[in-house]
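What follows is a set of notes on a single structure, which appears directly below.
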Amino acid sequence: MLADLTAGAVEDAEARRRSKPFDVLEREALAARPAIDALAALAPANRVKIIAEVKRASPSRGDLAAIPDPALQASKYEQGGASAISVLTEGRKFKGSLADLEAVRAAVSVPVLRKDFIATPYQVLEARAAGADLALLIVAALDQPLLAGLHALILELGMTPLVETHSAEELERAADIGAKLIGVNARNLSTFELDRDLFGRLSDSFPSDAVKVAESAVLTPADVTHYRSAGADVVLIGEALVTGDPVATLTTFLEAGA
């Protein structure tokens with residue numbers, strides 16, 4: 001499934017490239033306002049930090065929320081105390097778009113993450129041109145030279161890469177390219193099975209200078225407490241925020257991670 005999702009995202013990006021050539025997009029990316037320092041915003045603190053996600057749907061859960069106004073949703077996240085906003089821009093299964101990212105970037109002052117299946121330099125440039133401060137790289141979807149190259153390009157453009165892992169071997173690959181913001185996704189993107197304890201098993205294997213991000217399997221304050229107790233600096237939350245009151249939910253989640 002991960003291979004299919006990545007192939008679809010690359011295919012859609014290639015379609016966009018036919019109407020906006022690489023050199024035009026590159027100029028837009030270089031002219032965009034400078035990215036916010038996401039590493040500083042997500043640096044370890046005496047309480048957990050939250051990346052709140054604008055997410056309409058997923059392959060595993062189907063439709064979650066309509067979110068007709070992603071900018072309003074993101075503004076509520078910022079009001080509730082989120083340290084960064086994640087925006088799903090994949091259109092086939094997650095019903096997102098780069099327009100969502102642009103709208104969110106214009107509405108909030110915290111860093112914004114492009115969450116997608118990025119596997120080409122063109123997609124990285126799209127992220128920067130749309131105003132992203134962070135871009136997701138999924139280790140399982142990329143060979144090591146491509147992972148290293150995209151990681152370097154994201155940094156060159158002034159953004160922060162969030163490098164997502166699912167195993168000890170992938171965590172080692174993230175460390176080998178010097179990743180400073182590393183996530184462990186509890187959801188296996190091939191089977192969609194959840195393992196909330198995966199982060200805890202891998203926590204001690206993170207590079208000492210990396211910010212530790214726990215992703216997925218967060219529905220209650222107890223889940224935030226669980227990840228925080230296992231060493232998470234940051235928790236990325238989507239479903240629980242789009243299906244309830246985002247401000248109230250963020251408040252209780254932040255209290256649980258204190």
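Every number here is computed from the coordinates shown, using simple stated rules; none is lab data. Quick caveat: nothing in here was measured; it's all calculated off a predicted structure. All Cβ positions, even for glycine, are placed from backbone atoms using ideal geometry, and neighbour counts span all protein chains on display.
In the chain, with Lys and Arg counted as +1 and Asp and Glu as -1 at Cβ, which of these residues, 122, 101, 159, has the Cα nearest the positive end of the dipole, that is, farthest along it? Positive-most Cα among the choices belongs to 101. Amide H contacts for residue 235 (H built 1.01 Å from N in the peptide plane; partners 5 or more residues away or on another chain; cut-off under 5 Å): 49, 50, 51, 214.
Distance from the C-alpha centroid of region 1-65 to that of region 72-149: 2 Å, rounded to the whole angstrom.
A simple charge model with +1 on the Cβ of Lys and Arg, -1 on the Cβ of Asp and Glu and nothing else charged puts the dipole of the chain at about 480 debye relative to its Cα centre.
Mean residue ellipticity, 222 nm, helices only, the chain: the sum of -39500 (n - 2.57) across DSSP H runs of n ≥ 4, divided by residue count and rounded to 500, is -12500 deg cm²/dmol. Between 246, 21, 34, the Gaussian network model of the chain with springs among Cα atoms under 10 angstrom shows the greatest mean-square fluctuation at 21.
Taken one residue at a time, the phi angles of region 99-112 give Karplus couplings (6.51, -1.76, 1.60, θ = phi - 60°) of 4, 4, 4, 4, 5, 5, 4, 6, 9, 10, 10, 8, x, 10 Hz. Gly and Pro are set to x. Each semi-axis of the equivalent ellipsoid for region 2-256 is √(5λ) with λ an eigenvalue of the Cα gyration tensor; in descending order they amount to 25, 21, 18 Å. Holding the Cα-Cα limit at 23 Å, pick out from 95/180; 55/76; 49/180; 20/180 the pairs that are longer than that. Over 23 Å apart, Cα to Cα: 95/180; 20/180.
Convex hull of alpha carbon positions in region 1-45: directionally averaged projected area 5.3 nm². Springs join every pair of Cα atoms under 10 Å in this Gaussian network model of the chain, and among 173, 47, 61 the largest mean-square fluctuation is at 61.
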